[in-house]
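The values are calculated or read from the model by the stated rules, or taken from the named source; none is laboratory data. What you are looking at is a predicted structure, and each value in this text was computed from that prediction instead of being measured. Using ideal geometry, Cβ is built from the backbone for each residue, glycine included, and neighbour counts are taken over all protein chains shown. What goes into the accessible areas is simple: the full protein's heavy atoms, side chains included, and nothing from ligands, DNA or RNA. Shrake-Rupley method; radii C 1.70, N 1.55, O 1.52, S 1.80 Å.
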Amino acid sequence: MSEESFVYTACPGWGDHDYCALKTIVKDGKIERMERIVYSAPEEPDGHICQKGCLAGRQPYDPKRLKAPLKRVGERGSGIFEEISWDQALDEIGEKLCKIRDEHGPSSVVLWNLGAGVPAQYSFENLMPFRFANTFGVTVPLGSIGLDNGPFYAEFYNAGSEFPRTVIDPRIMVGTDLIYVWGCNPIENQMRCAQNLVRAREAGARIVDLGLIFDGTAGFADEFVAMKPASDGYLAMAMVNYILENDLQDDAYLLARTIAAYLVDDETGQLIRGEDGGSFYVWDAAAGAPAPVAAKRGAYPEGADIPLLGTYEVGGRRCSTALQKLKDGAAEYTFELAAEKCGISAEDAERLARDWVEAENAFILSGYGLRYRNSNETYRQFLLLGALTGRLGKPGSGVFEALQLQSWPLVFNDLPISCPDGVASVKSVPVRMAEWFARAEADDSPYKALIVCSGNPVHQQPDRQRWLDVVRDMELVVDYDVWLTDTGEIADYVLPDLMSFEREDLITGACYNHIILQEPAIEPQVDGHEPVWVFSELAKRVGLGDYFTLGIPEYIDIRLQTQYPLVAGIQPPVTYERLKQEKMIRAAAPPEPKYTPYLNPEEVMDNETGRMEVIYAEKLADLGMAVTRVLEPNKIGKSATYPYQLFTGRQRFFMQSSFTDDPITVKLSGGTPATRLNPAQAARLGLADGDTVEVFNDRGHVITRLVLDESVPDGTVHVWFGWRRRQFEEGTYAEITHQCAGQDSQGPLEDKWFADWLAAGHHPNPYVESMSSLTGSTDCYWDSWCDIRKFEGELTPNPQQTIVKEA
Ligand SMILES: Nc1nc2c(c(=O)[nH]1)N[C@H]1C(S)=C(S)[C@@H](COP(=O)(O)OP(=O)(O)OC[C@H]3O[C@@H](n4cnc5c(=O)[nH]c(N)nc54)[C@H](O)[C@@H]3O)O[C@H]1N2
Ligand SMILES: Nc1nc2c(c(=O)[nH]1)N[C@H]1C(S)=C(S)[C@@H](COP(=O)(O)OP(=O)(O)OC[C@H]3O[C@@H](n4cnc5c(=O)[nH]c(N)nc54)[C@H](O)[C@@H]3O)O[C@H]1N2
Ligand code: SF4
Ligand SMILES: [Mo]
């Protein structure tokens, strides 16, 4: 009998932001089972594995996997393909790319690469498409725009930087007194968070879930506060008002770490600056005069008595402190208004505010469940609640905005790989989504080819019909995936990638402070290829072969040659060879404290003042948004005929559109997709459990069976996200969800954000600076409204049923 052995694998459910490395147990050349990873001390107890991770080892053997390159033989979208060889596929794609480039220029080729669901997203799955894009000169729609944006906006206007701010170690919650889970569902969606929520509660924390549907986190929490959609800002601002009205803010913290005391010109809305521009001003009550504070977190004048509130006269102009501005702006947000807008009682609103202030230690744990146009400001308001109470960076307290649960952020030397000619010579052309759509929808669209390397845009970037319209007249559509997705169904060529179990790569998602080598667990189960091979072969055929001569070990060594101290400080230095021996190596991260943004009280922020600016974002003054306020959501499609909020949030057994092919996860998810409705609402509409219903708006429809469910609030129609179009009776929710980051959902505020980001010296191209793709947009899937009725017509099953022609 042969022995068991093991390798490490990036979990195919990686895109849930848990970034787990799995221990893959292998025997006789087959995957036996998945186990939790055992890290070296001090992270040892933190490796975990969830139900999806346990099932992941089935996936390589799934009969529905793409087995060989496919070429469309019927009409585009007819779903009729034949299997072809890799040589034929790459030769034909290469030839078409050359022709399109000759006739229309390289930027007529569009590359879509949204790493959200791909393991490991900080890996060759990203780096190789970037290298190809940046040398070929493709157009890059700012692909991930419209995804997970609010926290990035909030951090940019607070601290001037994004990535290190949205990463947080969930273990810091253990030992706190109070946690407001506000707009996310970690118990079902975020296993790292879930296990630490459980530990936090065991250690005495009270957990309150503020949410829309009664989800798994609501069931786990000590209290569920049922919010109306997109209303959260009213409660958050009422809490801000309560704190300032009752003088409950943490003055010492605000003075030291924020611009609360800085003087703002009442008329222009700009901070008062010294003539040289290198300093700002605060009021010195002892001297009865303004006093300068140097830019970049200068010290306050010695002996000065600096008020945080008040209005003063400086050089004949009326000025107020930033905190005074906030106090004035927040005054309209009463608990009564919050009660009316959020659908809770004023007493509850006040109690939530009081508890937040009075708890010794407390967290707001938000995520990505606020996908409304107005939620960028909501995230700013969460930060504000943290800053006012001195909790950003205070051990035992804090605000999680995003669900980017890592440990210490690790940065690798990736630019030489993604930009082989240097940043200045990068050829790919970034275009903001709304602009890309406007051009692509025009009769004389400049875009002739679409290559999808990661992601499933036809399904995830609705509204779907607009994608179909854009793609219809293209000369070439290629999809590189593991499964035949909704996007693959409309492609001309579908190329099978290997799964993470079959390829070598570096796992760098700061998996609890470890750098891990992913080694193939098994031989490829299909005629697929990993991205280093695929892009090297494609590059040869379009005259870029000279850029693609290295192999995986060489690329890994380049990545490891980073100056970033937590990697560069590892002794002896970490190399591919060392990783081959040791498999995992701990970063030079401190054992304590655990990573949280704002941890260092002396930190100088990456903005002009060097202090947190969440109190008053001067840059937004010309739009009247320097002091945050509650914006209205978009409600695109809402009219007298579309009265219901459509909610298509995460499903615990699917990872976006992944895991929707495994019969076990499909069965656990109910077998077929359903629309869920509150029983009282269904009764009013004359609908019964098990009816076939049509959910629709002016963009499209979806037909499913109806399930009555108390956990869905009145006024909401719920369909789980993830199901493929061919799994529905007819249509799909992606038809009714409105286009993300499209023309309807972007305005002056988003434009300003993008402009400010560039003005701060950032690169507009996500293939150079990855977080740039998150700027200048808002999340807005939930701004979709719909109606629902019993379906009694004839079902015409989804036409794009896929048939692979027998060879
Ligand atoms: N209606 C609705 N729409 C949404 C959302 C929602 O909640 N509701 N959520 C939005 C959010 S937050 C996100 S992040 C996006 C997600 O949007 P996407 O990233 O487009 O979603 P995924 O389904 O994860 O797509 C990843 C694709 O990568 C493929 N894949 C998996 N492993 C590999 C691999 O090893 N190699 C290759 N080449 N491909 C692989 C998967 O099969 C899948 O087709 O969706 C957004 N769209
Ligand atoms: N199992 C699984 N896990 C995943 C994913 C997956 O597909 N499957 N996807 C991953 C990705 S890319 C992302 S972005 C995250 C998203 O994870 P989450 O941030 O948790 O997002 P959702 O599940 O979409 O929504 C969470 C909750 O938001 C609440 N909500 C909706 N509207 C409102 C509102 O107006 N106010 C308040 N207070 N609450 C509201 C709903 O009650 C819902 O249960 O999940 C990640 N994890
Ligand atoms: S939490 Fe996510 S990454 Fe971790 S095992 Fe589960 S599916 Fe995989
Ligand atoms: Mo996401």
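Taking every DSSP beta bridge that has both ends in the range 170-405, the antiparallel portion is near 50%. Within straight-line reach of K619, meaning a Cα separation under 23 Å, sit the following lysines at least 8 residues removed in sequence or on another chain: K296, K325, K327, K752.
Extension gain for V604-D276 works out to 116.0 nm (0.36 nm per residue, less the C-alpha to C-alpha distance). About its Cα centre, the dipole of the chain is roughly 680 debye, where the only charges are +1 on Lys and Arg Cβ and -1 on Asp and Glu Cβ. Quote the FRET efficiency, to the nearest 0.05, computed for E340 versus A680 with a Förster distance R0 of 25 Å and r equal to the Cβ-Cβ distance. Given R0 = 25 Å and the Cβ-Cβ separation, E is 0.70. On the beta carbon distance between R578 and E554, with R0 = 25 Å, the FRET formula returns roughly 0.95. Applying a threshold of 29 Å to the alpha-carbon distances of K540/K583; K67/K540; K30/K594 flags K540/K583; K30/K594 as lying beyond it. Each residue of the range 500-516 was assigned a 3J(HN,Hα) from its phi angle through the Karplus expression (A = 6.51, B = -1.76, C = 1.60, θ = phi - 60°), giving 4, 5, 10, 10, 9, 6, 9, 9, 10, x, 6, 4, 6, 6, 10, 9, 10 Hz with x at Gly and Pro.
For V452, the amide hydrogen comes within under 5 Å of the amide hydrogens of W112, V478, D479, Y480, counting only partners 5 or more places away or on other chains and with H modelled in the peptide plane. Counting Lys and Arg as +1 and Asp and Glu as -1 over every other residue whose Cβ lies under 12 Å from the Cβ of G183, the net charge comes to -4. A crude spin-label estimate for the pair Q563 and I664, with each label 7 Å from Cα along the Cβ direction, gives 4.8 nm. Taken per residue, the accessible surface of the range 170-405 reaches 33 Å², heavy atoms only and a 1.4 Å probe. Remark on V225: its backbone amide H falls under 5 Å from those of D209, L210, G211, a criterion applied only to residues 5 or more positions apart or on other chains, H modelled at 1.01 Å from N. Calculated from the alpha-carbon coordinates, the range 170-405 shows an Rg and a Dmax of 19.4, 58 Å respectively. Of all the accessible heavy-atom surface of the chain, with the other protein chains kept in place and a 1.4 Å probe, what percent is carbon and sulfur? On the chain, the fraction of accessible area on carbon and sulfur atoms equals 51 percent. With protein chains left intact and a 1.4 Å probe, residues in the range 551-660 average 43 Å² of accessible area per residue. Taking label points 7 Å from Cα along the Cα-to-Cβ direction, K790 and T672 give a separation of 1.8 nm. Annotation for the range 415-467 versus the range 190-261: alpha-carbon center distance of 37 Å.
Determine which aspartates and glutamates satisfy two conditions relative to K96: a Cα distance under 12 Å, and not lying fewer than 8 residues away in the same chain. Cα-Cα hits under 12 Å: E475, D492.
Residues in the range 6-12 carry Karplus couplings, in order, of 9, 9, 9, 9, 5, 4, x Hz; the curve used is 6.51 cos²θ - 1.76 cosθ + 1.60 with θ = phi - 60°, and Gly or Pro positions show x. Stretched out straight at 0.36 nm per residue, the stretch from R318 to Q465 would grow longer than its current Cα-Cα span by 47.6 nm. The Cα trace of the range 93-180 gives Rg and Dmax of 19.1, 64 Å, the first to one decimal, the second as a whole number. Here is how the number arises for the chain: DSSP H runs of 4 or more residues each give -39500 (n - 2.57), the sum is divided by the residue count, and the result at 222 nm is -8000 deg cm²/dmol. With the charge dipole of the chain set up from +1 on Lys and Arg Cβ and -1 on Asp and Glu Cβ about the Cα centre, the Cα lying farthest toward the positive end among the listed residues A438, A621, I37 is that of I37. Between E332 and R439, how high is the FRET efficiency from 1/(1 + (r/R0)^6) when r is the Cβ-Cβ distance and R₀ = 30 Å? Nearest 0.05. Computed FRET efficiency for E332 and R439: 0.15. Size estimate for the chain follows the Kirkwood approach: the inverse of mean 1/r over distinct Cα pairs works out to 27.6 Å. Each residue of the range 700-707 is assigned a 3J(HN,Hα), and the resulting list reads x, 8, 9, 10, 8, 7, 9, 10 Hz, derived from the Karplus form 6.51 cos²θ - 1.76 cosθ + 1.60 (θ = phi - 60°), x at Gly and Pro.
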